[in-house]
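Let me begin by presenting the structure, written as structure tokens, before commenting on it.
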Amino acid sequence: MPNDHRFPSLDLTRRRLVAGAGALAFGAPALAQQPPGRTLRIGYQKYGSLVLLKGDGGLEKQLAAQGTSVTWTEFPGGPQLLEALNVGAIDFGSTGEAPPVFAQAAGADLVYVGVEPPSPAGEAILVKADSPIRTVADLKGRRIAFNKGSNVHYLLVKALEAAGVQYGEVQATFLAPADGRAAFASGSVDAWAIWDPFLAAAEKQLPTRTLRDGQGLVSNYQFYLASRRYAQAHPQVVSLALRELDRTGRWAKAHLPEAAKQIAPLIGLTPEITQLALGRQGYGAAPLGAEVTAQQQAVADAFFQLRLIPKPVKVADAVWQARG
């Protein structure tokens, strides 16, 4: 059976997040000492095909026949997940567009092993329903909460650019999803940039208005990543994981209500909210092609131009070439 780390609710407290970060920092060396190849350690977030795969159990069955087990660890966002990948605490995981760029710029030896179709409606900038902010241009001088280095970081950059507002003309407030929601609900920030299913939960549970989502601005790709060392040593395991992700994703796309009922209890949301999020997701894992690689390079270039990363990165250097 997989190691089932319990899903905390969306209303995580700051104390839980800090405790989790501490556990990661002190637990990573022990995790990294597990026999290589005997365990595939997967990091996941509260969304996406990895959650479906976790609930499905098919990957565990296939890898068990090869003498390999699977463990699962939940993270509040992509930057935290890739930090764990970088220190050797996990082998494989999924994030949006921005986290791999920040990680690669920081020297993380990761590889892009797969990508899902774009899901631009799965992230948005929210304001309160009664907010005087009517357009993205109105965000000038305002406080905006978002997870630094996450997919919505790039959404905000592009939305401001389209509205003629400089990135430095807004007050960035870096908060993980749970803290971002609390700040938004209390009114201590003026807007919140967030992704599904946190986005879907806010839309259903809070008086919100969507200022701008990713449609027409960003692709919001979901990437599958692995440590280079693991991918090189165990290409068959990585390829199997991608095939299983493709299978479960395509099933979910054709059976959204059933998929929502299946995973809603796992992520602590209602089936209604879960289905709203699933309906905006891209499904079907595939290797990165030239077009996706070029689009991801544009993300990296934008962050470097804004001096949000310390050096330019070449995305193509981190694209995995499957050999098994």
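The values are calculated or read from the model by the stated rules, or taken from the named source; none is laboratory data. The structure displayed is predicted, hence computed values, not measured ones. Side chains included, ligands, DNA and RNA excluded: accessible areas come from the protein's heavy atoms. Shrake-Rupley method; radii C 1.70, N 1.55, O 1.52, S 1.80 Å.
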Could you look at the range 196-319 and say what percent of its accessible area is carbon and sulfur, using a 1.4 Å probe and all protein chains? 53
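Any idea what the relative contact order of the range 90-163 is, in percent, if you count C-alpha pairs under 8 Å spaced at least 6 apart?
Relative CO of the range 90-163 lands at 49 percent.
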Accessible surface of TYR283 - all protein chains present, 1.4 Å probe, nearest 10 Å²: 20
Reported to two decimal places, what Rg/Rh ratio describes the range 158-292 when computed on Cα atoms with Rh from the Kirkwood expression? 1.02
Under-5 Å amide H pairs with ALA285, H placed in peptide plane, nonlocal only: ASP246
Where the chain is the region considered: accessible area per residue in Å², 1.4 Å probe: 43
Where a Cα-Cα gap under 18 Å defines reach, which aspartates and glutamates qualify for LYS253, not counting those fewer than 8 residues away within the same chain? ASP56, GLU116, ASP196, GLU244, GLU272
Mind listing the long-range amide H neighbours of LEU211? Cut-off is under 5 Å, sequence gap 5 or more, other chains count too, H placed in the peptide plane at 1.01 Å from N. ILE125, LEU126, VAL127
Determine the principal axes of the Cα atoms in the chain, then give the extent along each, sorted from largest to smallest and rounded to whole angstroms. 59, 42, 39
Expected max-MSF residue from GLY214, GLY168, GLY282 in the GNM of the chain (alpha carbon, under 10 Å) is GLY168
In the structure shown, of LYS61/LYS148; LYS204/LYS261; LYS128/LYS148; LYS46/LYS140, the pairs separated by more than 27 angstrom at the C-alpha atoms are LYS61/LYS148; LYS46/LYS140
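Relative contact order, percent, of the chain when contacts are C-alpha pairs under 8 Å separated by at least 6 residues? Walk me through the numbers on the way to the answer.
Values: 590 pairs, mean separation 82.1, N = 324.
The value is 25 percent.
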In the Gaussian network model of the chain, springs joining C-alpha atoms below 10 Å, which of PRO177, PRO100, PRO310 carries the largest mean-square fluctuation? PRO310
For the chain, set up a GNM with springs between Cα atoms under 10 Å and report which of LYS314, LYS140, LYS204 has the largest fluctuation. LYS204
